[in-house]
Structure formats: structure tokens, C-alpha cells
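Here is the structure we will look at.
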Amino acid sequence: MFFASKVGIPIFVTGGIGGVHRHGENTLDVSSDLTELGRTPVAVVSAGVKSILDIPRTLEYLETQGVCVATYATNDFPAFFTERSGCQVPCRVDTPEDCARLIDANVKLRLGTGILFAVPIPKEYSASGRLIEDVIQRAIGEARTKNITGNAETPFLLSRVNELTGGASLASNIALLKNNARVGAKIAAALAQLRGHQNGARTMEDRRCKINQAT
């Protein structure tokens, strides 16, 4: 995000963002992704928050940071491997054009914060919520038993979840990343078109002003 903002790239696509870890109220383990979203004016397209994290607390943290969180074509915030987390957010966008207008407004208002567009995983790759939650809880339990914390925890959990699901979680991860890239590309095209129209309108207005001054 940081480097994207420095070179004028308005949209960044990823699989899922980091967030507040489960039991983060005790460990204070919070991803710097949330801090970056609060201070970098780049739109991030993702399948929500990695499901190994605490989604409700992550959304609360983003609200505190002043970050606009919008769900794409759904009212329910996605849970990475599944389409729904049970968490609602106040902003919904249904088209790439809606997203482009939201990005444009964020820039014009000079809010200085990012936007998170949460895109649900394609339905055919969405895992059973109960199944994936059971697997995550088992992996978290193993991490606690082995005293795996800090930077080592997330790679361990993702690897263990992949093992326990027989590789299904990796296939879903790849599918959601491709889907996010498709949505992100459409948003980028819509934003370029919107800005092109705005620049064209400004050029016409400038010409009218020059003609009026000449006469």
C-alpha cells in the first residue's frame, strides 16, 4: 500500500488483510495492515480478513482508524474462506462504478485513509462455515500448545489449516485471489473512465473560459 500510494497507484489487490488476532485483547497482536489502512489513501480489494483472525474486533479497529469498509454485492462481511461472517458493515457497493465513485470521493475529500472493499469468495469455493471454524480452532489450539506466537503464528495456522482440509483451503485461497484480481481490474477500469470524463469536462470548461475572455 505504501509504495502504491507513492507512485500514484490507487488500487491494491490481495487475498485477505491482516487484523486483530484471536485473543488479541490479551496479546495485543494486531497487524500493521490496519494502521496502514488508516493512513494511506489506497483502496484495497480483498476477501475480507483472514479467517484465522478475530473479524468483529478487526472491523471495530478499522472503524476507530476511520477506514471506510464496504462489502461488494452483499450485506454480510465475508470471512475469507466463506461468503459470510455474520458481521454487517454500513456500506455496500454493487458495481465497479460504485467503487470508483467511492474512491474518487475519498480522494477529493482528502481523508488520507484507505478503503477496504470486501469481496466474497466465489460460491463454488466457499467452504462450510462450521467445518472451517472447527479446523481453525484446532490449529489455534496446536499453536498454543507449541507456544507458537508473534510472526510465526500466522504462517503456522495457514499451513496447518491447509493440511487439515486436505489442501482444499489452498485451492480456495487461489480462487478467491483470482476473483479479487478480476474485481480489482474492473474497479481500476471504472476509475480510469470516471477520471477521464472529469478531465474531459474540465478541459471543455477551460476552453469556454478562454473563449469568453477573448471576446
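Where a number appears in this text, it was derived from the coordinates with a stated rule and is not lab data. Note that the structure is predicted; figures quoted are calculated from it, not measured. Ideal geometry is used to build each Cβ from the backbone, glycine not excepted, and the neighbour counts take in all protein chains shown.
When the charge dipole of region 2-214 is built from unit charges on Cβ atoms (+1 for Lys and Arg, -1 for Asp and Glu) and taken about the Cα centre, the candidate among 88, 48, 191 whose Cα reaches farthest toward its positive end is 191.
Quick one: which residues, 5 or more positions from residue 13 or on another chain, have an amide H under 5 Å from its amide H? H modelled 1.01 Å from N in the peptide plane, none for Pro or chain starts. HN-HN under 5 Å from residue 13: 45. For the peptides 18-31, 38-51, 67-80, residues were scored by their other Cβ atoms within 10 Å and the scores averaged per peptide; the highest-first order is 38-51, 67-80, 18-31.
So what's region 2-214 giving for Cα Rg divided by 2.2 N^0.38 Å, two decimals? Before the final figure, lay out the partial values.
Numbers: Rg = 19.7 Å, N = 213, 2.2 N^0.38 = 16.9 Å.
For region 2-214, the normalised Cα radius of gyration is 1.17.
Close amide-amide hydrogen proximity is noted between residue 20 and 31, 54, 58, each under 5 Å apart and 5 or more residues distant or on a separate chain (H modeled in the peptide plane; Pro and chain starts excluded).
Full extension from residue 104 to residue 170: what is 0.36 nm times the residue separation minus their Cα-Cα distance, to one decimal in nm?
On the way: separation 66, 0.36 × 66 = 23.76 nm, distance 3.44 nm.
Going from the current span to full extension adds 20.3 nm.
Screening the chain for whole DSSP H helices of 15 Å or more along their axis (Cα) with average Kyte-Doolittle hydropathy at least -1.0 returns 96-108, 129-145, 153-164, 168-214. When only alpha carbons are used to place a centre, region 175-201 and region 11-60 end up 23 Å from one another. Summarising the amide proton neighbourhood of residue 81: residues at separation of 5 or more, or on other chains, whose placed amide H is nearer than 5 Å comprise 51. Charging the Cβ of each Asp and Glu at -1 and of each Lys and Arg at +1, and nothing else, the dipole of the chain about its Cα centre rounds to 740 debye.
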